[in-house]
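What follows is one structure encoded as structure tokens, with my remarks underneath.
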Amino acid sequence: MYRRMFALAVMAVGLAALPATASAAGARSPHYYLALGDSLSQGMQPNFNGVLQDTDQGYADDLAAAESAHVHNLQLVKLGCGGETTTSMLTGKGNAADARRFHCQHAGGSQLTAAVRFLKSHHRAGEVPLVTIDIGANDIDGCATAANIGACVTTGIANISRNVPKILQALREAAPAGTRFAGMTLYDPVLAGYFSNDANTRALAAASPLLLKEVNDKLTSDFQQAGFKTADVAGAFNSYDSAATATWEGNQIPVNVATVCSWTWACQTPPSGPNIHANKNGYAVIAAAFARVIGRL
């Protein structure tokens with residue numbers, strides 16, 4: 001009898017240990033932060049020779065580092081592609097940049113297809129706690145040199161309006177339970193034209209905040225309708241504030257110009273600049289804008 005009672009006790013202890021063991025195994029399982037979009041999601045910056053390179057100093061890297069303190073075994077997965085437009089992200093076609101140079105040949109033919117496949121293959125609840133996206137900048141980037149800037153911006157906004165809701169919906173439908181989603185508004189590198197000797201370039205720089213606001217309002221509306229949080233990067237970069245002034249290299253200039261000069265390569269001299277991408281400090285500001293709306297995972 002005592003032998004039987006001892007055996008039952010050992011069995012009970014073993015069964016009681018099973019949930020804890022399973023829980024420990026779950027805690028050791030990887031969790032993923034999926035960063036999507038264009039070159040900003042890859043943290044691209046020019047090197048000293050002006051050649052664009054992926055870096056580990058992007059906003060996604062900063063976010064992953066911060067959230068890894070709260071999410072066990074958080075791994076960053078970057079699927080973003082330099083030069084990506086809303087059309088090329090959706091279809092895999094139409095990226096004006098040399099995608100091969102940016103290692104953007106995605107399985108399935110497009111970044112969105114690759115992202116959906118990733119989300120469906122990591123579908124345990126909470127396995128992908130965060131998905132971020134920045135997209136739309138390359139839909140209007142070429143407008144600065146277009147013959148008809150107004151028509152170019154109108155076309156860019158039309159593409160954003162048509163494509164972004166499809167992209168966001170596909171991501172939400174593919175993601176596992178517990179995923180948080182966030183997108184960002186765009187900052188304004190065209191402001192660097194403030195220093196140009198060309199009157200038309202200066203005029204475009206002065207007009208760019210209003211044009212950018214129209215684009216960002218559309219992006220914000222799309223994010224809200226899809227249930228994505230919106231990181232106000234435009235606000236963090238003072239993109240619309242042309243009235244206030246700030247000191248930059250000893251001169252008083254509009255605060256939005258000073259900000260974009262401080263946090264991007266747009267005002268740098270060759271060969272590193274001028275370049276529209278954020279620098280290390282700018283990427284940290286973008287990460288902070290995301291962190292404010294995402295909260296603690």
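Find the percent of Cα-Cα distances in region 75-162 that exceed 14 Å, and round it to a whole number. Spell out each step's value before the answer.
Details: 2578 of 3828 pairs.
Within region 75-162, distances greater than 14 Å cover 67 percent of Cα pairs.
On the beta carbon distance between residue 72 and residue 217, with R0 = 22 Å, the FRET formula returns roughly 0.05.
Taking the charge dipole of region 162-297 about its Cα centre, with +1 at Lys and Arg Cβ atoms and -1 at Asp and Glu Cβ atoms, the residue from 277, 174, 223 reaching farthest to the positive side is 174. Here the 3J(HN,Hα) profile of region 36-45, calculated from phi with Karplus coefficients 6.51, -1.76 and 1.60 at θ = phi - 60°, is 10, x, 9, 4, 5, 5, 8, x, 5, 9 Hz, Gly and Pro shown as x. Evaluated over the chain, the count of Lys pairs having alpha-carbon atoms less than 28 Å apart is 22 (only pairs 8 or more residues apart or interchain). Scanning residues 5 or more positions from residue 31 or on other chains, those with amide H under 5 Å from its amide H are 74, 75, with H placed 1.01 Å from N in the peptide plane. Between the amide H of residue 246 and those of 253, 255, distances stay under 5 Å, these residues lying 5 or more places away or on another chain, with hydrogens modeled in the peptide plane. Annotation: amide H of residue 277 within the under-5 Å range of 265, sequence separation 5 or more or interchain, hydrogens built in the peptide plane.
Sequence-ordered 3J(HN,Hα) estimates for region 131-142 from the Karplus curve with 6.51, -1.76 and 1.60 and θ = phi - 60° stand at 10, 10, 8, 10, 7, x, 4, 6, 6, 10, 4, x Hz, glycine and proline given as x.
Given a Förster distance of 30 angstrom, what is the FRET efficiency for residue 245 paired with residue 117, based on the Cβ-Cβ distance and rounded to 0.05?
Details: r = 49 Å, r/R0 = 1.64.
Efficiency, rounded to the nearest 0.05: 0.05.
If only the Cβ of Lys and Arg carry +1 and only the Cβ of Asp and Glu carry -1, the dipole of the chain around its Cα centre is close to 1400 debye. Phi angles of region 176-186 translate, via the Karplus equation with coefficients 6.51, -1.76, 1.60 and θ = phi - 60°, into HN-Hα couplings of x, 4, x, 6, 9, 10, 8, x, 10, 7, 9 Hz per residue; Gly and Pro are given as x.
Read-outs: derived from the displayed coordinates by stated rules, not from any lab. If you're wondering where the values come from, they're calculated on a predicted model, not measured in any experiment. Positions of Cβ are backbone-derived with ideal geometry, glycine not excepted, and every protein chain shown enters the neighbour counts.
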